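Report on one structure; see the data block that follows.
The values are calculated or read from the model by the stated rules, or taken from the named source; none is laboratory data. What you are looking at is a predicted structure, and each value in this text was computed from that prediction instead of being measured. Glycine gets a Cβ as well: all are built from the backbone with ideal geometry, and neighbour counts include every protein chain shown. What goes into the accessible areas is simple: the full protein's heavy atoms, side chains included, and nothing from ligands, DNA or RNA. Shrake-Rupley method; radii C 1.70, N 1.55, O 1.52, S 1.80 Å.
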Amino acid sequence: MNLKEILSYAKGISSNSKEVREGYVFVAIKGTQVDGHDFVEEALQRGALYVFVEREVGIKDPRIIKVEDTRKALGELASLFYGEVSKRLKIVGITGTNGKTTTTHIIESILNKAGIKTGLMGTIYYRLGEKIYEYEGRTTPDPIKWHSTLKAMWEEGASAVVCEVSSHALDQKRIWGTDFYMVGFTNLSQDHLDYHGTMEDYFLAKARLFEEYAYTYAVINEDDPYGKRLKAIAKNPRTYGREGDFKILDFQTDFEGSRLRVAYEGKVYDFFSNLRGNFQAYNLSLGILVGFLWGLESQAIQEGIRQVQVPGRFETYKGKGFVVIIDYAHTPDALEKVLRTARALCKNRLIVVFGAGGNRDRTKRPLMGKTAEAIADLIVLTSDNPRFEEPMAIIEDILSGIENKGKVLVEQDRRKAIELAISMAQEGDVILIAGKGHEDYQEIKGVKYPFKDSEVVKEVLGV
(Lines give C-alpha, C1' and ligand atoms only; values in the text may rest on other atoms or scores of the structure.)
Protein backbone atom coordinates (compact mmCIF):
# COMPACT_ATOMS: atom_id res chain seq x y z
CA MET A 1 0.00 0.00 0.00
CA ASN A 2 1.50 3.36 -1.02
CA LEU A 3 1.15 6.69 0.78
CA LYS A 4 -1.73 7.91 -1.40
CA GLU A 5 -3.72 4.78 -0.63
CA ILE A 6 -3.03 5.15 3.08
CA LEU A 7 -4.15 8.76 3.05
CA SER A 8 -7.32 7.98 1.10
CA TYR A 9 -8.66 6.51 4.37
CA ALA A 10 -7.04 8.99 6.77
CA LYS A 11 -8.92 11.69 8.64
CA GLY A 12 -5.81 13.55 9.74
CA ILE A 13 -2.06 13.42 10.36
CA SER A 14 -0.11 14.19 13.52
CA SER A 15 3.30 13.77 15.06
CA ASN A 16 1.82 14.44 18.51
CA SER A 17 0.21 11.35 20.06
CA LYS A 18 -2.07 13.55 22.18
CA GLU A 19 -3.68 14.90 18.99
CA VAL A 20 -4.39 11.50 17.46
CA ARG A 21 -8.05 10.66 16.85
CA GLU A 22 -9.82 7.68 15.29
CA GLY A 23 -8.61 7.36 11.69
CA TYR A 24 -5.49 9.51 12.06
CA VAL A 25 -2.02 8.69 10.82
CA PHE A 26 0.64 9.10 13.52
CA VAL A 27 4.28 9.70 12.60
CA ALA A 28 6.85 9.07 15.33
CA ILE A 29 9.54 11.76 15.27
CA LYS A 30 12.67 11.69 17.40
CA GLY A 31 13.00 15.31 18.57
CA THR A 32 15.60 17.12 20.63
CA GLN A 33 13.48 16.80 23.80
CA VAL A 34 11.00 13.97 23.20
CA ASP A 35 11.02 10.82 21.07
CA GLY A 36 7.66 10.08 19.42
CA HIS A 37 8.55 6.39 19.31
CA ASP A 38 7.88 6.29 23.05
CA PHE A 39 4.22 7.15 22.38
CA VAL A 40 3.35 4.67 19.65
CA GLU A 41 1.21 2.57 21.99
CA GLU A 42 -0.77 5.65 23.04
CA ALA A 43 -1.36 6.59 19.39
CA LEU A 44 -2.62 3.08 18.62
CA GLN A 45 -4.94 3.15 21.63
CA ARG A 46 -6.34 6.46 20.43
CA GLY A 47 -7.35 4.85 17.17
CA ALA A 48 -4.49 5.56 14.81
CA LEU A 49 -5.13 4.17 11.34
CA TYR A 50 -1.40 3.72 10.76
CA VAL A 51 1.74 4.56 12.69
CA PHE A 52 5.06 5.33 10.98
CA VAL A 53 8.28 4.53 12.83
CA GLU A 54 11.96 4.38 11.93
CA ARG A 55 13.06 1.92 14.64
CA GLU A 56 11.63 -1.08 16.44
CA VAL A 57 9.29 -0.13 19.29
CA GLY A 58 8.64 -3.57 20.76
CA ILE A 59 5.04 -3.69 19.61
CA LYS A 60 3.61 -6.12 17.06
CA ASP A 61 0.73 -4.47 15.23
CA PRO A 62 -0.14 -4.52 11.50
CA ARG A 63 -0.81 -0.79 11.66
CA ILE A 64 2.87 -0.03 12.32
CA ILE A 65 4.88 0.82 9.21
CA LYS A 66 8.64 1.07 9.44
CA VAL A 67 10.41 3.58 7.17
CA GLU A 68 13.98 4.80 6.89
CA ASP A 69 13.27 8.41 7.87
CA THR A 70 10.05 9.43 9.60
CA ARG A 71 10.79 13.14 9.14
CA LYS A 72 10.78 12.66 5.37
CA ALA A 73 7.68 10.48 5.67
CA LEU A 74 5.86 13.21 7.60
CA GLY A 75 6.72 15.78 4.93
CA GLU A 76 5.58 13.52 2.11
CA LEU A 77 2.39 12.57 3.94
CA ALA A 78 1.58 16.21 4.73
CA SER A 79 2.21 17.26 1.14
CA LEU A 80 -0.09 14.54 -0.19
CA PHE A 81 -2.76 15.09 2.47
CA TYR A 82 -2.98 18.79 1.62
CA GLY A 83 -3.11 18.26 -2.12
CA GLU A 84 0.52 18.74 -3.19
CA VAL A 85 -0.14 22.46 -3.68
CA SER A 86 3.57 23.24 -3.97
CA LYS A 87 3.33 21.74 -7.48
CA ARG A 88 0.75 24.43 -8.38
CA LEU A 89 2.07 27.39 -6.40
CA LYS A 90 5.25 29.18 -7.40
CA ILE A 91 7.19 29.04 -4.15
CA VAL A 92 10.32 31.08 -3.45
CA GLY A 93 12.40 29.87 -0.50
CA ILE A 94 15.05 32.20 0.99
CA THR A 95 17.74 31.01 3.38
CA GLY A 96 20.84 32.59 4.96
CA THR A 97 21.82 34.13 8.28
CA ASN A 98 20.78 37.75 7.81
CA GLY A 99 18.39 39.46 5.44
CA LYS A 100 15.80 36.69 5.00
CA THR A 101 12.90 38.69 6.42
CA THR A 102 13.67 41.86 4.47
CA THR A 103 14.30 39.96 1.23
CA THR A 104 11.05 38.00 1.45
CA HIS A 105 9.14 41.24 2.04
CA ILE A 106 10.86 42.80 -1.00
CA ILE A 107 9.90 39.87 -3.22
CA GLU A 108 6.36 39.78 -1.84
CA SER A 109 5.96 43.49 -2.60
CA ILE A 110 7.37 43.15 -6.14
CA LEU A 111 5.07 40.26 -7.03
CA ASN A 112 1.95 41.76 -5.46
CA LYS A 113 2.54 45.09 -7.22
CA ALA A 114 2.86 43.15 -10.49
CA GLY A 115 -0.58 41.63 -9.92
CA ILE A 116 0.67 38.24 -8.71
CA LYS A 117 -1.22 37.41 -5.51
CA THR A 118 1.56 36.36 -3.15
CA GLY A 119 1.66 34.95 0.35
CA LEU A 120 4.53 35.26 2.84
CA MET A 121 5.73 32.91 5.56
CA GLY A 122 8.54 33.90 7.89
CA THR A 123 9.85 35.22 11.18
CA ILE A 124 7.17 37.86 11.74
CA TYR A 125 3.98 36.23 10.44
CA TYR A 126 2.34 34.01 7.84
CA ARG A 127 0.15 36.25 5.72
CA LEU A 128 -1.66 36.72 2.42
CA GLY A 129 -2.48 40.37 1.81
CA GLU A 130 -4.26 41.58 4.94
CA LYS A 131 -5.05 38.08 6.17
CA ILE A 132 -2.78 36.80 8.95
CA TYR A 133 -2.72 33.03 9.49
CA GLU A 134 -2.14 31.32 12.82
CA TYR A 135 1.52 31.73 13.67
CA GLU A 136 3.34 29.11 15.70
CA GLY A 137 6.33 31.31 16.56
CA ARG A 138 8.84 29.65 14.26
CA THR A 139 10.31 31.14 11.08
CA THR A 140 9.58 27.89 9.25
CA PRO A 141 6.80 25.76 10.76
CA ASP A 142 6.47 21.99 11.14
CA PRO A 143 5.53 19.99 8.00
CA ILE A 144 1.82 19.81 8.77
CA LYS A 145 1.54 23.53 9.45
CA TRP A 146 3.76 24.27 6.44
CA HIS A 147 1.74 22.30 3.89
CA SER A 148 -1.65 23.19 5.39
CA THR A 149 -0.80 26.91 5.27
CA LEU A 150 0.32 26.62 1.66
CA LYS A 151 -3.01 24.95 0.85
CA ALA A 152 -4.96 27.66 2.70
CA MET A 153 -3.14 30.37 0.72
CA TRP A 154 -3.80 28.50 -2.54
CA GLU A 155 -7.50 28.28 -1.71
CA GLU A 156 -7.51 32.02 -0.98
CA GLY A 157 -6.26 32.68 -4.50
CA ALA A 158 -2.49 32.91 -4.08
CA SER A 159 -0.42 31.92 -7.09
CA ALA A 160 2.94 32.47 -5.34
CA VAL A 161 4.32 32.21 -1.80
CA VAL A 162 7.63 33.63 -0.54
CA CYS A 163 9.10 31.83 2.47
CA GLU A 164 11.98 32.15 4.89
CA VAL A 165 13.67 28.77 5.26
CA SER A 166 15.65 28.38 8.48
CA SER A 167 18.65 26.10 9.01
CA HIS A 168 16.75 24.31 11.79
CA ALA A 169 13.91 23.58 9.38
CA LEU A 170 16.27 22.23 6.75
CA ASP A 171 18.09 20.06 9.28
CA GLN A 172 14.76 18.75 10.60
CA LYS A 173 13.23 18.34 7.11
CA ARG A 174 10.23 20.49 8.01
CA ILE A 175 9.67 21.50 4.37
CA TRP A 176 10.14 18.03 2.90
CA GLY A 177 7.76 17.29 0.05
CA THR A 178 7.95 20.85 -1.32
CA ASP A 179 8.68 21.82 -4.90
CA PHE A 180 10.15 25.32 -5.27
CA TYR A 181 10.15 27.72 -8.19
CA MET A 182 13.22 29.56 -6.88
CA VAL A 183 15.54 29.26 -3.91
CA GLY A 184 17.73 32.10 -2.70
CA PHE A 185 20.77 32.62 -0.45
CA THR A 186 21.54 35.88 1.37
CA ASN A 187 24.75 35.26 3.36
CA LEU A 188 26.19 33.15 6.15
CA SER A 189 27.80 34.30 9.38
CA GLN A 190 27.95 33.00 12.94
CA ASP A 191 24.61 32.11 14.48
CA HIS A 192 22.84 29.05 15.92
CA LEU A 193 26.07 27.27 16.81
CA ASP A 194 24.33 26.13 20.01
CA TYR A 195 22.33 23.89 17.68
CA HIS A 196 24.64 23.15 14.74
CA GLY A 197 27.92 23.03 16.64
CA THR A 198 30.20 24.30 13.88
CA MET A 199 30.02 26.78 11.00
CA GLU A 200 30.57 23.91 8.57
CA ASP A 201 27.54 22.01 9.87
CA TYR A 202 25.54 25.26 9.84
CA PHE A 203 26.48 25.75 6.18
CA LEU A 204 25.70 22.13 5.27
CA ALA A 205 22.21 22.56 6.74
CA LYS A 206 21.64 25.62 4.54
CA ALA A 207 23.08 23.80 1.52
CA ARG A 208 20.34 21.17 1.72
CA LEU A 209 17.90 23.64 0.16
CA PHE A 210 20.10 23.74 -2.96
CA GLU A 211 20.96 20.03 -3.08
CA GLU A 212 17.88 18.10 -1.95
CA TYR A 213 14.89 20.03 -3.32
CA ALA A 214 13.38 20.61 -6.76
CA TYR A 215 13.58 24.18 -8.12
CA THR A 216 14.02 26.10 -11.39
CA TYR A 217 16.47 28.82 -10.29
CA ALA A 218 18.96 29.25 -7.45
CA VAL A 219 19.63 32.93 -6.72
CA ILE A 220 22.92 33.26 -4.82
CA ASN A 221 25.04 36.03 -3.28
CA GLU A 222 28.37 35.49 -5.04
CA ASP A 223 30.19 38.00 -2.82
CA ASP A 224 29.72 35.69 0.17
CA PRO A 225 32.36 32.92 0.41
CA TYR A 226 29.66 30.40 1.28
CA GLY A 227 27.69 31.66 -1.70
CA LYS A 228 30.58 30.69 -3.94
CA ARG A 229 30.40 27.17 -2.54
CA LEU A 230 26.66 27.03 -3.14
CA LYS A 231 27.08 28.22 -6.73
CA ALA A 232 29.26 25.18 -7.37
CA ILE A 233 26.63 22.71 -6.17
CA ALA A 234 23.36 24.46 -7.11
CA LYS A 235 21.24 23.60 -10.11
CA ASN A 236 20.86 26.49 -12.58
CA PRO A 237 22.49 29.19 -10.37
CA ARG A 238 22.03 32.92 -10.95
CA THR A 239 24.28 35.19 -8.91
CA TYR A 240 24.19 38.76 -7.62
CA GLY A 241 26.80 41.00 -6.00
CA ARG A 242 29.76 43.12 -7.01
CA GLU A 243 30.85 40.36 -9.39
CA GLY A 244 27.59 38.51 -10.00
CA ASP A 245 25.45 37.96 -13.08
CA PHE A 246 23.40 40.77 -11.59
CA LYS A 247 26.21 43.23 -10.84
CA ILE A 248 25.98 45.97 -8.21
CA LEU A 249 27.66 49.06 -9.72
CA ASP A 250 26.81 51.69 -7.12
CA PHE A 251 24.77 52.04 -3.94
CA GLN A 252 23.90 55.15 -1.95
CA THR A 253 21.83 55.26 1.23
CA ASP A 254 20.60 57.88 3.70
CA PHE A 255 17.65 58.38 6.01
CA GLU A 256 15.38 59.02 3.01
CA GLY A 257 16.11 55.69 1.30
CA SER A 258 18.53 53.94 -1.03
CA ARG A 259 19.61 54.20 -4.66
CA LEU A 260 20.93 51.15 -6.43
CA ARG A 261 22.62 51.03 -9.85
CA VAL A 262 23.10 47.60 -11.41
CA ALA A 263 24.12 45.95 -14.65
CA TYR A 264 22.15 42.96 -15.88
CA GLU A 265 22.18 41.22 -19.24
CA GLY A 266 23.96 44.08 -20.97
CA LYS A 267 21.79 46.89 -19.55
CA VAL A 268 22.23 49.34 -16.68
CA TYR A 269 19.31 50.00 -14.33
CA ASP A 270 18.72 52.50 -11.53
CA PHE A 271 16.37 51.66 -8.67
CA PHE A 272 15.14 53.58 -5.62
CA SER A 273 13.71 52.13 -2.41
CA ASN A 274 12.61 53.53 0.92
CA LEU A 275 14.74 50.85 2.62
CA ARG A 276 17.87 52.21 4.31
CA GLY A 277 21.27 50.75 5.12
CA ASN A 278 24.30 49.57 3.17
CA PHE A 279 23.27 45.95 3.67
CA GLN A 280 20.11 46.66 1.64
CA ALA A 281 22.22 46.62 -1.55
CA TYR A 282 22.23 42.82 -1.32
CA ASN A 283 18.66 42.38 -0.09
CA LEU A 284 17.35 44.57 -2.93
CA SER A 285 19.59 42.84 -5.49
CA LEU A 286 18.28 39.41 -4.58
CA GLY A 287 14.69 40.63 -4.75
CA ILE A 288 15.13 42.47 -8.04
CA LEU A 289 16.90 39.52 -9.65
CA VAL A 290 13.99 37.27 -8.65
CA GLY A 291 11.70 39.80 -10.36
CA PHE A 292 13.73 39.70 -13.57
CA LEU A 293 13.88 35.90 -13.56
CA TRP A 294 10.09 35.92 -13.12
CA GLY A 295 9.90 37.84 -16.38
CA LEU A 296 8.88 41.21 -14.92
CA GLU A 297 9.86 44.55 -16.46
CA SER A 298 12.14 46.91 -14.54
CA GLN A 299 9.35 49.48 -14.12
CA ALA A 300 7.10 46.91 -12.42
CA ILE A 301 9.98 45.89 -10.14
CA GLN A 302 10.65 49.54 -9.29
CA GLU A 303 7.04 50.00 -8.19
CA GLY A 304 7.37 46.98 -5.98
CA ILE A 305 10.47 48.14 -4.12
CA ARG A 306 9.62 51.83 -3.83
CA GLN A 307 7.76 51.47 -0.53
CA VAL A 308 8.45 48.21 1.31
CA GLN A 309 7.31 47.80 4.90
CA VAL A 310 9.43 45.47 7.04
CA PRO A 311 8.61 45.64 10.78
CA GLY A 312 11.62 45.95 13.07
CA ARG A 313 14.23 46.35 10.34
CA PHE A 314 16.03 49.70 10.48
CA GLU A 315 12.88 51.44 11.75
CA THR A 316 13.67 55.11 12.39
CA TYR A 317 12.13 57.58 14.82
CA LYS A 318 13.05 61.25 15.07
CA GLY A 319 13.79 62.81 18.42
CA LYS A 320 14.72 66.44 19.10
CA GLY A 321 17.83 66.69 16.96
CA PHE A 322 18.66 62.98 17.09
CA VAL A 323 17.44 59.74 15.50
CA VAL A 324 16.52 56.39 17.05
CA ILE A 325 16.88 53.22 14.98
CA ILE A 326 15.30 49.88 15.90
CA ASP A 327 16.72 46.78 14.24
CA TYR A 328 16.50 43.02 14.70
CA ALA A 329 20.29 42.60 14.38
CA HIS A 330 21.22 39.83 16.83
CA THR A 331 24.36 38.29 15.33
CA PRO A 332 27.89 39.75 15.21
CA ASP A 333 27.69 40.21 11.43
CA ALA A 334 24.24 41.81 11.45
CA LEU A 335 25.19 44.09 14.34
CA GLU A 336 28.33 45.21 12.53
CA LYS A 337 26.44 45.97 9.33
CA VAL A 338 23.73 48.00 10.99
CA LEU A 339 26.24 49.82 13.22
CA ARG A 340 28.39 50.77 10.21
CA THR A 341 25.33 52.03 8.38
CA ALA A 342 24.25 54.06 11.43
CA ARG A 343 27.81 55.40 11.81
CA ALA A 344 27.81 56.62 8.20
CA LEU A 345 24.55 58.49 8.81
CA CYS A 346 25.61 59.83 12.21
CA LYS A 347 26.70 63.47 12.64
CA ASN A 348 27.72 63.18 16.29
CA ARG A 349 27.78 60.18 18.64
CA LEU A 350 26.58 56.65 17.94
CA ILE A 351 24.90 55.03 20.94
CA VAL A 352 23.94 51.35 20.87
CA VAL A 353 21.57 49.51 23.20
CA PHE A 354 21.62 45.71 23.01
CA GLY A 355 21.88 42.39 24.82
CA ALA A 356 21.81 38.77 23.69
CA GLY A 357 19.30 35.95 23.84
CA GLY A 358 19.55 33.43 26.64
CA ASN A 359 19.98 29.67 26.07
CA ARG A 360 21.47 30.32 22.65
CA ASP A 361 24.97 30.43 21.17
CA ARG A 362 27.16 31.94 23.93
CA THR A 363 30.24 32.25 21.71
CA LYS A 364 28.74 35.11 19.71
CA ARG A 365 28.24 37.32 22.78
CA PRO A 366 31.84 38.56 23.24
CA LEU A 367 32.05 39.01 19.45
CA MET A 368 29.04 41.33 19.57
CA GLY A 369 30.65 43.25 22.41
CA LYS A 370 33.88 43.61 20.44
CA THR A 371 31.95 44.80 17.38
CA ALA A 372 30.01 47.39 19.37
CA GLU A 373 33.18 48.70 21.01
CA ALA A 374 34.89 49.12 17.64
CA ILE A 375 32.10 51.14 16.03
CA ALA A 376 29.91 52.81 18.68
CA ASP A 377 30.83 55.71 20.96
CA LEU A 378 28.67 54.55 23.85
CA ILE A 379 27.28 51.12 24.69
CA VAL A 380 24.28 50.42 26.91
CA LEU A 381 24.15 46.71 27.70
CA THR A 382 20.80 45.33 28.71
CA SER A 383 18.56 42.28 28.66
CA ASP A 384 17.19 40.77 25.44
CA ASN A 385 15.23 37.53 25.86
CA PRO A 386 17.12 35.97 28.79
CA ARG A 387 14.89 32.91 28.77
CA PHE A 388 16.22 30.65 31.55
CA GLU A 389 19.59 32.39 31.97
CA GLU A 390 20.38 35.18 34.38
CA PRO A 391 20.46 38.53 32.48
CA MET A 392 23.64 39.64 34.24
CA ALA A 393 25.45 36.44 33.24
CA ILE A 394 24.62 37.17 29.59
CA ILE A 395 25.81 40.76 29.97
CA GLU A 396 29.06 39.53 31.52
CA ASP A 397 29.62 37.34 28.45
CA ILE A 398 29.21 40.39 26.21
CA LEU A 399 31.46 42.47 28.45
CA SER A 400 34.23 39.90 28.12
CA GLY A 401 34.68 41.01 24.52
CA ILE A 402 34.97 44.71 25.40
CA GLU A 403 38.35 46.10 26.46
CA ASN A 404 37.34 49.72 27.11
CA LYS A 405 34.73 49.31 29.83
CA GLY A 406 34.66 53.10 30.15
CA LYS A 407 32.33 53.40 27.18
CA VAL A 408 29.85 50.90 28.66
CA LEU A 409 26.78 51.44 30.82
CA VAL A 410 24.82 48.49 32.18
CA GLU A 411 21.08 48.57 32.77
CA GLN A 412 19.43 45.15 32.97
CA ASP A 413 15.90 46.52 32.62
CA ARG A 414 15.44 46.97 28.86
CA ARG A 415 12.83 49.73 29.20
CA LYS A 416 15.10 51.69 31.52
CA ALA A 417 18.05 51.09 29.19
CA ILE A 418 16.15 52.60 26.27
CA GLU A 419 15.02 55.51 28.43
CA LEU A 420 18.63 56.04 29.59
CA ALA A 421 20.02 56.12 26.05
CA ILE A 422 17.38 58.59 24.87
CA SER A 423 17.88 60.80 27.94
CA MET A 424 21.57 61.15 27.04
CA ALA A 425 20.99 61.95 23.35
CA GLN A 426 22.52 65.13 21.96
CA GLU A 427 22.15 67.03 18.70
CA GLY A 428 23.25 64.83 15.79
CA ASP A 429 23.36 61.58 17.77
CA VAL A 430 22.04 58.27 16.47
CA ILE A 431 20.75 55.65 18.92
CA LEU A 432 20.58 52.05 17.71
CA ILE A 433 18.41 49.66 19.70
CA ALA A 434 19.32 46.22 18.45
CA GLY A 435 18.31 42.61 18.94
CA LYS A 436 14.53 42.42 19.17
CA GLY A 437 13.20 44.40 16.21
CA HIS A 438 9.59 43.40 15.54
CA GLU A 439 9.21 41.21 18.64
CA ASP A 440 6.35 42.18 20.95
CA TYR A 441 7.45 40.20 23.99
CA GLN A 442 10.34 39.57 26.33
CA GLU A 443 10.86 35.95 27.37
CA ILE A 444 11.91 35.46 31.00
CA LYS A 445 11.89 32.13 32.86
CA GLY A 446 9.49 30.54 30.37
CA VAL A 447 7.02 33.45 30.38
CA LYS A 448 6.57 35.88 27.49
CA TYR A 449 5.84 39.35 28.86
CA PRO A 450 4.43 42.06 26.54
CA PHE A 451 7.31 44.27 25.38
CA LYS A 452 8.07 46.05 22.13
CA ASP A 453 11.05 48.33 21.55
CA SER A 454 9.14 50.61 19.18
CA GLU A 455 6.33 51.18 21.68
CA VAL A 456 8.82 52.15 24.38
CA VAL A 457 10.64 54.50 21.99
CA LYS A 458 7.43 56.20 20.88
CA GLU A 459 6.30 56.53 24.48
CA VAL A 460 9.59 58.13 25.56
CA LEU A 461 9.75 60.40 22.52
CA GLY A 462 6.08 61.33 22.81
CA VAL A 463 5.31 60.45 19.19
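List of remarks:
- Largest-first ordering by accessible area, 1.4 Å probe, given options Cys163, Cys346: Cys346, Cys163
- DSSP bridge analysis restricted to the chain gives an antiparallel fraction near 40%, rounded to the nearest 5.
- Gyration tensor verdict on the range 182-297 (Cα atoms; rounded if a/c is under 1.5, prolate if a/b is larger than b/c, oblate otherwise): oblate
- The relative contact order of the chain comes to 11 percent, based on Cα pairs under 8 Å that sit 6 or more residues apart.
- Extension gain, Glu134-Lys60: 0.36 nm per intervening residue step, less the Cα-Cα distance, totals 22.8 nm.
- Heavy atoms of the protein chains alone define the surface here; on that basis the range 241-283 has 50 Å² accessible area per residue at 1.4 Å probe size.
- Inter-part distance, the range 153-196 to the range 231-269, computed on C-alpha centroids, equals 23 Å.
- Taking all Cα pairs closer than 8 Å and separated by 6 or more residues, the relative contact order of the range 1-109 comes to 19 percent.
- Dipole axis of the chain (+1 Lys, Arg; -1 Asp, Glu on Cβ), positive-most option in Tyr195, Val352, Ile124: Ile124
- In the complete set of protein chains, residue-level accessible area for Val463 is approximately 100 Å², probe 1.4 angstrom.
- Ranking His438, His147, His192 from most to least accessible surface, computed with a 1.4 Å probe over the protein chains only, gives His192, His438, His147.
- For a straight C-alpha distance cut-off of 13 angstrom, the aspartates and glutamates reachable from Lys113 (same-chain residues fewer than eight places away being disregarded) are Glu297, Glu303.
- To put it simply, the accessible area of the chain at a 1.4 Å probe is 46 percent carbon and sulfur.
- Sites matching chymotrypsin sites (Phe, Trp or Tyr not before Pro) across the range 219-269 that sit in DSSP coil, with at most 10 neighbouring C-beta atoms within 10 Å: none
- With a Cα cut-off of under 30 Å and a minimum spacing of 8 residues unless on different chains, the lysine pairs in the range 126-243 number 17.
- With DNA, RNA and ligands ignored, accessible area of Thr316 (1.4 Å probe; Å², nearest 10): 50 Å²
- When both bridge partners sit in the range 1-133, DSSP labels roughly 45% of those beta bridges antiparallel.
- Solvent-accessible surface (1.4 angstrom probe) belonging to Lys235, in square angstrom, nearest 10: 90 Å²
- Distance between the modelled labels on Glu212 and Ser298, one decimal in nanometres: 4.0 nm (7 Å Cα→Cβ projection).
- Of the two radii for the range 220-363, the radius of gyration is 1.00 times the Kirkwood radius, both from the alpha carbons; that is the Rg over Rh value.
- Under a model in which nothing but the beta-carbon of Lys, Arg (+1) and Asp, Glu (-1) is charged, the chain shows a dipole of about 640 debye around its Cα centre.
- Sequence-distant contacts, meaning Cα pairs under 8 Å at least 6 residues apart, place the relative contact order of the range 142-254 at 21 percent.
- Exposure here means at most 13 other Cβ atoms within 10 Å; with GluC sites (Glu not before Pro) in a DSSP loop as sites, the longest stretch of the chain lacking them is 298-402.
- Among the lysines of the range 293-414, pairs at least eight places apart or on separate chains and with Cα atoms under 19 Å apart come to 9.
- Among beta bridges that DSSP assigns inside the range 107-198, antiparallel share in %, nearest 5: 60 percent
- The lysines within cross-link reach of Lys18, meaning a Cα-to-Cα straight distance under 16 Å and a gap of 8 or more places when in the same chain, are Lys30.
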